[in-house]
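The values are calculated or read from the model by the stated rules, or taken from the named source; none is laboratory data. None of these values were measured; they are calculated from a predicted model. In this analysis, Cβ positions are derived from the backbone assuming ideal geometry, glycine residues included, and neighbour counts consider all displayed protein chains.
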């Protein structure tokens, strides 16, 4: 019985992994109104992750900011061929209040993921954008 308990404990230790995160560096953290900023973002090697959670936040510069910001991500199996508009994360702008959202992406077919653009159809500059990628 003790041997079985030791084996189960060892298996639990081998299977358990800590959650890590990566801060994505954006080319700019301010997107002008009625514009889409394309970014030559650095890709993130997500290894054999089948799911990745992306968390982002930011705010408009003035109180009149409303609308939806769209952050677009692309996946790649080999870090050279990227599939257009693989994933999107939206942020509902609420004046100068900091807004946040997260999305969980099924990354089964990909090993690499990168942020490629931020679309701002609103009438206000959206700024202080921070994007985290959570890996487990």
**Item:** Search result, residues across the stretch 27-42 that are over 11 Å from residue 120 (Cβ atoms) and surrounded by 17 or more Cβ atoms within 10 Å (Cβ to Cβ)
**Value:** 39, 41
**Asked** Would you say residue 56 is assigned to a strand (DSSP E or B) and touching a residue at least 24 places away in the same chain (Cβ under 8 Å)?
**Response** yes
**Complete:** residue 70 vs (1) at pLDDT 90 or above; (2) more than 21 Å from residue 112 (Cα to Cα): all pass except (2)
**Message:** Can you find, within the stretch 80-100, the residue that is farthest from the chain's Cα centre (by Cα) among those that are surrounded by 14 or more Cβ atoms within 10 Å (Cβ to Cβ) and under 24 Å from residue 47 (Cα atoms)?
**Reply:** 82
**Prompt:** So, of the residues in the stretch 108-126 that are touching a residue at least 60 places away in the same chain (Cβ under 8 Å) and assigned to a loop (DSSP other than H, G, I, E, B), which turns out to be surrounded by the most Cβ atoms within 10 Å (Cβ to Cβ)?
**Reply:** 110
**Request:** Look at residue 47 and say whether it is touching a strand residue (DSSP E or B) at 6+ places or on another chain (Cβ under 6 Å) and assigned to a loop (DSSP other than H, G, I, E, B).
**Result:** no
